[in-house]
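Some notes on the structure that comes next.
The values are calculated or read from the model by the stated rules, or taken from the named source; none is laboratory data. Remember, predicted model here, so these are calculated numbers, not experimental data. Reconstructed Cβ throughout: ideal geometry from the backbone, glycine too, with neighbour counts over all protein chains shown.
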């Protein structure tokens, strides 16, 4: 009796699974047929689009504006093969406190020397050691989607029309 | 006494005139034998001066060569490639021979497995890199300059900071290439305490 029950159950489970698979396949089929899915590839799911050429890294050594005060500055130069590991940090060979006299590069800011209690230490804090977690180079790639970011100055100007801009 | 006798016989043979061969045969024969010997020697020397030869040892193939492959000196837009001997062996013949004689130490290292594992290699990396830095410092980065001639550099085509640094430190010979460009083709060891 028990044995029969189990058989009955498993048969029902198989039937259900089949139905589910069928439903999914049908749904997917209709989506593929319609090809209306929004993707960043800008192409249908079933087609293989030719990949865009690899974007070039900007290497002009010109500082870029920051979009908000806390924004980590972007890297205005190539960083190909820069080694950052426990042996050496290539960025710091120019941007460290002692190297900037020779390199004339901007020094890593004092916040990078702070531990989590805000105490300034003698060297760059381990939690700030991996530069590329926040600072990144920029390429000439076109944005895949637009955005409606508005600079804070413009927002204030709109809210308080009479206010002078800094 | 037999040894002494045979040495005396050899000496007499060498110092005496040729009994069976003509002067022409000995002169031209010697000339041709010289060409064959010299050609063979140089061919063998050049065979040891190829990337294929260098990476026939797993020590080179799995460590430094593997690291080189992603760098600009191996993979780049213009298809110019610097292989091992371009940077590590002088091009001038006398300097090359001197370097090759030094390299006999590397044969010793190979036989006794000085860097036969990755761990052993990493352990010794600072010392080995130090040798190359010293060598390039001493010869004013000769191997760099075999391709990168300061006189031929177009500063306007360089990025701003590169042009600025080359003008300030390279032009007046205050620094040489390797002073700033360490680790350009291989990973660096622990650089704590190494002058930048």
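If I ask for residues that are surrounded by fewer than 17 Cβ atoms within 10 Å (Cβ to Cβ), within 9 Å of chain A (Cβ to nearest Cβ) and either over 22 Å from residue B:143 (Cα atoms) or touching a helix residue (DSSP H, G or I) at 6+ places or on another chain (Cβ under 8 Å) (or both), which ones from the stretch B:163-193 would you list? Of everything in the stretch B:163-193, those that are surrounded by fewer than 17 Cβ atoms within 10 Å (Cβ to Cβ), within 9 Å of chain A (Cβ to nearest Cβ) and either over 22 Å from residue B:143 (Cα atoms) or touching a helix residue (DSSP H, G or I) at 6+ places or on another chain (Cβ under 8 Å) (or both) turn out to be B:164, B:169, B:190, B:192. Residues in the stretch A:119-137 that are within 14 Å of another protein chain (Cβ to nearest Cβ) and touching a residue at least 12 places away in the same chain (Cβ under 8 Å): A:124, A:129, A:137.
With the checklist (1) outside any loop (DSSP other than H, G, I, E, B); (2) within 14 Å of chain A (Cβ to nearest Cβ); (3) under 21 Å from residue A:89 (Cα atoms); (4) touching a helix residue (DSSP H, G or I) at 6+ places or on another chain (Cβ under 8 Å) in hand, flag the one item residue B:126 doesn't pass. Only one criterion in (1) outside any loop (DSSP other than H, G, I, E, B); (2) within 14 Å of chain A (Cβ to nearest Cβ); (3) under 21 Å from residue A:89 (Cα atoms); (4) touching a helix residue (DSSP H, G or I) at 6+ places or on another chain (Cβ under 8 Å) is unmet by residue B:126, namely (4). Close Cβ contacts (under 7 Å, 6 or more residues apart or on different chains) running from residues in the stretch A:57-75 that are within 14 Å of chain B (Cβ to nearest Cβ) to residues that are assigned to a loop (DSSP other than H, G, I, E, B) and surrounded by fewer than 11 Cβ atoms within 10 Å (Cβ to Cβ) comprise A:58/A:140. One residue alone among A:116, A:80, A:41 is within 11 Å of chain B (Cβ to nearest Cβ), modelled with pLDDT under 95 and in a loop (DSSP other than H, G, I, E, B), and that residue is A:80.
Evaluation of residue B:156 against the conditions (1) at pLDDT 95 or above; (2) within 14 Å of chain A (Cβ to nearest Cβ); (3) part of a helix (DSSP H, G or I) shows that the sole unmet condition is (1).
Filtering the stretch A:134-154 to residues that are modelled with pLDDT of 95 or more and either exposed (fewer than 11 other Cβ atoms within 10 Å of the Cβ) or assigned to a loop (DSSP other than H, G, I, E, B) (or both) leaves A:134, A:135, A:136, A:138.
Here is the figure for the stretch A:119-129: residues that are assigned to a loop (DSSP other than H, G, I, E, B) and over 26 Å from the mean Cα position of the chain (by Cα) total 4.
When the residues of the stretch A:88-107 are filtered to those that are assigned to a loop (DSSP other than H, G, I, E, B) and more than 26 Å from the chain's Cα centre (by Cα), the one that is farthest from the other protein chains (Cβ to nearest Cβ) is A:97. Set side by side, the residues B:46, B:59 differ, and just one is closer than 24 Å to residue B:130 by Cβ, in a helix (DSSP H, G or I) and either over 19 Å from the mean Cα position of the chain (by Cα) or at pLDDT below 95 (or both), which is B:59.
Once the stretch B:40-60 is narrowed to residues that are without any contact (Cβ under 8 Å) to a residue 24 or more places away in the chain and touching a helix residue (DSSP H, G or I) at 6+ places or on another chain (Cβ under 8 Å), the residue that is surrounded by the fewest Cβ atoms within 10 Å (Cβ to Cβ) is B:47. Considering (1) closer than 30 Å to residue B:135 by Cα; (2) assigned to a helix (DSSP H, G or I); (3) free of Cβ contacts under 8 Å to residues at least 24 places away in the same chain, the lone condition that residue B:37 does not fulfil carries the number (1).
Between B:65, B:74, the distinction of being within 14 Å of chain A (Cβ to nearest Cβ) and surrounded by 14 or more Cβ atoms within 10 Å (Cβ to Cβ) belongs to B:74 only.
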